[in-house]
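Asker: Attaching a single structure in structure tokens format; questions to follow.
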Amino acid sequence: MLKCQFRVTRLSLHELIGCETAAYLARKQARLVNDNDMIKALLDPRRWTQPEIPTRQLAFLMLRNCLQFRGDYWLRHLPPQMTEAFAKALDESTMGFFEHAIGDTLSRWTDLGMRRLEMPVRCNGGGFRSCDRRQAVQYVGNLAHGAPQLLDRADTDGNVIPGRMHIPALIQHFGEDSFNTPNTAPWAHILENSTDGIATGLRQASSQITKIFEDVAIDGMYDPAKCLALQDVTRIGFHHDGTRPASVTHALTQQVETMEHRWWQREVRNMPTSRYDRWAFECCDKISQQVVLAAPNAMGHMNNEEFVLAITRYFGQQNFPGLWRGSIPW
């Protein structure tokens, strides 16, 4: 007589929701990547051979200004541990689209050129902010603005501001007085009393933001106690005095990117003067930055070959095969 044994696994509500969310994210990721592939096919330079149609410039601007941000909703509303694979897949799709736009592979680019791609244009970059690097900032920024509005909270004068959803479940989750002004430790209660996705997400996001900043931090250029990116996990997204920036996402992003720009300025000065990418970085100004901002209108129109030459020179990549033969490789 055969005996069959079945092991029944009981999933908690959080685990069940996590499984459903992961499955949905996988479908959403596939849809976004597929949409990018469709747009790449539409803007294929071999499809539109007329010189007056700037297909490469159009593809570049569409990617920089629109397509790279299509996954931001999920980065803001889901903790980093749930969007890690999602963010990396979108980054791969974005960089693949960029290679499509310029007709070259990034494996031939220098390290400085690659990092400049992800830096903002104001810092001599290309504005292609990596989803993998900014997912933590997006999540913290959204949570720091959204969570306090759910519960009743007291302002500096002791006046009570009604919350949008002041219910027992959320009070128990976040803590009844957690968001009273000043917010010196708004996340202490949830970190001490919960192990759910929000608490785990806060820890992971705080750790990631701190690491990214410390990797490029230059001593003497910031105050560790007042630095927003280095605040303790119990008040990540809030200043040391309990105040909150008008936009947490913007404040954290600008702080990290500004420090990274200063770090690269120091590193570039130590590079050999013979390096073309060094001169391209140091000589960059608001005029040269227009190549990544210009729309294909009467003033900014560039045909395909001119655009590829301008972009590769802007990022300091001088060895581009095919340009001197008058053709763009594919």
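Asker: What does the charge add up to near ARG47, with Lys and Arg as +1, Asp and Glu as -1, over the other residues with Cβ less than 15 Å from its Cβ? Write out the running numbers ahead of the final one.
Answerer: Values: positive: LYS40, ARG46, ARG56; negative: ASP37, ASP44, GLU52.
Around ARG47, the charge tally is 0.
Asker: Using Cα centres only, tell me the gap between the stretch 251-275 and the stretch 157-182 in whole Å.
Answerer: 41 Å
Asker: Now for a separate question. Let me know the shape class of the stretch 169-321, please: from the alpha-carbon gyration tensor, a ≥ b ≥ c as square roots of the eigenvalues, rounded when a/c is under 1.5, otherwise prolate if a/b is greater than b/c, or oblate. Please list the in-between numbers first.
Answerer: Values: a/c = 3.06, a/b = 2.21, b/c = 1.38.
Cα axes put the stretch 169-321 in the prolate bin.
Asker: OK, next. What angle, in degrees between 0 and 90 and rounded to the nearest 10, separates the Cα long axis of helix 248-269 from the longest principal axis of the Cα atoms of the chain?
Answerer: 40 degrees
Asker: Ok, one more. When the helix-only estimate is applied to the chain (DSSP H runs of n ≥ 4, each -39,500 (n - 2.57), divided by the residue count), what is the mean residue ellipticity at 222 nm, nearest 500 deg cm²/dmol?
Answerer: -16500 deg cm²/dmol
Asker: Can you list the residues, at least 5 places off or on another chain, whose amide H is less than 5 Å from the amide H of ALA154, using H built in the peptide plane?
Answerer: Here ILE161, ASN180, THR181 satisfy the definition.
Asker: Shifting gears a bit: May I ask for the angle, rounded to the nearest 10°, between helix 197-216 and the longest principal axis of the chain, with both axes built from Cα atoms and the value confined to 0 to 90°?
Answerer: 40 degrees
Asker: Also, quick follow-up: How far is helix 304-314 tilted off the main Cα axis of the chain, in degrees rounded to 10, range 0 to 90?
Answerer: 60 degrees
Asker: Suppose the Debye formula is applied to equal point scatterers at every Cα of the stretch 24-104; what is log10 I(q)/I(0) at q = 0.16 Å⁻¹?
Answerer: At q = 0.16 Å⁻¹ the computed log10 ratios are -0.61.
Asker: What is the Å³ per residue value for the convex hull set by the Cα atoms of the chain? Don't skip to the end; give the middle numbers.
Answerer: Values: hull volume 69.9 nm³, N = 330.
Looking at the chain, the number lands at 212 Å³ per residue.
Asker: Let me ask another. Checking the a/c ratio against 1.5 first, then a/b against b/c, what shape does the Cα gyration tensor give for the stretch 93-199?
Answerer: prolate
Asker: Given R₀ = 30 Å, FRET efficiency for GLU20-LYS211 by Cβ-Cβ distance, to 0.05?
Answerer: Efficiency at R0 = 30 Å is approximately 0.50.
Asker: Between LEU170 and LYS88, what is the spin-label point distance in nm, taking each point 7 Å from the Cα along the Cα→C-beta axis?
Answerer: The modelled label-to-label distance comes out at 3.5 nm.
A short reminder: the numbers here are calculations on the coordinates, not readings from a lab. No experiment lies behind these values; they were computed from the predicted model shown. Here the Cβ is made from the backbone with ideal geometry for all residues, glycine too, and neighbour counts use every protein chain on show.
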